[in-house]
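Asker: Provided herewith is a single structure, encoded as structure tokens, for subsequent inquiry.
The values are calculated or read from the model by the stated rules, or taken from the named source; none is laboratory data. Values in this document were obtained by computation on a predicted structure and should not be read as measured data. With ideal geometry, Cβ positions are generated from the backbone for all residues, glycine too; neighbour counts draw on all protein chains shown.
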């Protein structure tokens, strides 16, 4: 049989598939209306399992490997159709519409009390000063205290680093996210330039110990290696704290990986500038608040959810996002405390809070999860 003839047969089969698909989606919408009238949930997991098993049994042996992924996606699309105009799903999240109206036409605040981890010269401070024109910065000595300060109402906002383009995710931040209630209201990417800071008159050959935050150390491995195998590496809570440690010690065999700003603040010299391995080195920070604040232009949404520990649960979430044409910007998983092999999944979604069906989307994701948290919709400063 000739290629063009086979392609003609494919075209006919596609027409039949489209007709059947259109009919199926129309019926799905009707089912959604019936479920709404009966106050029944959209997701019927038992029915889906039975249906998948039945279809698998009916399929030709050679087609069986393709049946489950095909129909899993079809079920996601059908559920999306059932969700149309379903106030049962939207009602839980229509508070988001109220928040949007509350902040409509408002600019992000220029003045605020903001908690930052570290001391004067920290990169969190730099991120804060780029977000707020006149911040009143409250320095705390740990990231957990930033969250705790938000919880206690001691500040209006907090600045938290979540990932670096070289060293990757700041994993302990996601562990803290599980424990605390908060909302993300803005994010920013800050270009990070690491320098080797020393007491005045110190040479690179004099250095016997180097101190900094673990992530800064990881971003400067090649430079540290160039100093020799005998150089001791010491971790501390913050790059600015590292600079202060060198200044307070007075030692000429001790160096810090820190910012150029900290050299000026603590009276140190830059023995070598730009010691990071990757010249394109950025850290992403989020600004958190106690309650949701959605400012005009919010085009990114963050959520957290736990899923049943069984095959296919994460795939179904990803299939839903694919079916709705939503780009997944970040996916992170962290183990849940006191639970064996159970995880909290963190998602950054490239979707506008103003898009049609946004509340429906959150409702669907909520229905698919054992626990679901909407962390906020916001814009990112690049």
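Asker: Output the strands (runs of 3 or more DSSP E) that fall wholly within the range 195-281 and possess 2 or more residues being more than 28 Å from residue 142 (Cβ to Cβ) and over 34 Å from the mean Cα position of the chain (by Cα), or say none.
Answerer: Where strands (runs of 3 or more DSSP E) fall fully within the range 195-281 and carry at least 2 residues being more than 28 Å from residue 142 (Cβ to Cβ) and over 34 Å from the mean Cα position of the chain (by Cα), they are 269-272.
Asker: Would you call residue 62 under 35 Å from the mean Cα position of the chain (by Cα) and either farther than 17 Å from residue 323 by Cα or not assigned by TED's automatic domain parsing to the domain that holds residue 316 (or both)?
Answerer: Spelling it out, it is not the case that residue 62 is under 35 Å from the mean Cα position of the chain (by Cα) and either farther than 17 Å from residue 323 by Cα or not assigned by TED's automatic domain parsing to the domain that holds residue 316 (or both).
Asker: From 118, 168, which residue is assigned by TED's automatic domain parsing to the domain that holds residue 330 and in contact (Cβ under 8 Å) with a residue 60 or more places away in the chain?
Answerer: 118
Per-residue answers, yes or no, for (1) surrounded by fewer than 17 Cβ atoms within 10 Å (Cβ to Cβ); (2) more than 19 Å from the chain's Cα centre (by Cα):
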| site | (1), (2) |
| --- | --- |
| 131 | no, no |
| 136 | yes, yes |
| 153 | yes, yes |
| 156 | no, yes |
| 160 | no, no |
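Asker: Could you say which residue among 137, 150, 159 is at pLDDT 95 or above, touching a strand residue (DSSP E or B) at 6+ places or on another chain (Cβ under 7 Å), within 25 Å of residue 305 (Cα to Cα) and outside any helix (DSSP H, G or I)?
Answerer: Result of the check over 137, 150, 159: 159.
Asker: Please verify whether the range 289-298 includes one or more residues that are without any contact (Cβ under 8 Å) to a residue 40 or more places away in the chain and either at negative phi or not assigned by TED's automatic domain parsing to the domain that holds residue 184 (or both).
Answerer: no
Asker: Go through (1) in contact (Cβ under 8 Å) with a residue 40 or more places away in the chain; (2) surrounded by fewer than 21 Cβ atoms within 10 Å (Cβ to Cβ); (3) farther than 20 Å from residue 214 by Cβ for residue 266 and report which single condition fails.
Answerer: (2)
Asker: Determine if the range 185-197 includes at least one residue that is closer than 25 Å to residue 342 by Cα, surrounded by fewer than 20 Cβ atoms within 10 Å (Cβ to Cβ), touching a strand residue (DSSP E or B) at 6+ places or on another chain (Cβ under 7 Å) and in contact (Cβ under 8 Å) with a residue 60 or more places away in the chain.
Answerer: no
Asker: What's the number of the condition residue 279 fails, among (1) touching a strand residue (DSSP E or B) at 6+ places or on another chain (Cβ under 7 Å); (2) within 28 Å of residue 219 (Cα to Cα)?
Answerer: For residue 279, the exception is condition (1).
Asker: Another question, then. Hey, among 286, 294, which residue is crowded, with 18+ Cβ neighbours inside 10 Å, touching a helix residue (DSSP H, G or I) at 6+ places or on another chain (Cβ under 9 Å) and part of a loop (DSSP other than H, G, I, E, B)?
Answerer: Step by step, each of 286, 294 is checked, and only 294 is crowded, with 18+ Cβ neighbours inside 10 Å, touching a helix residue (DSSP H, G or I) at 6+ places or on another chain (Cβ under 9 Å) and part of a loop (DSSP other than H, G, I, E, B).
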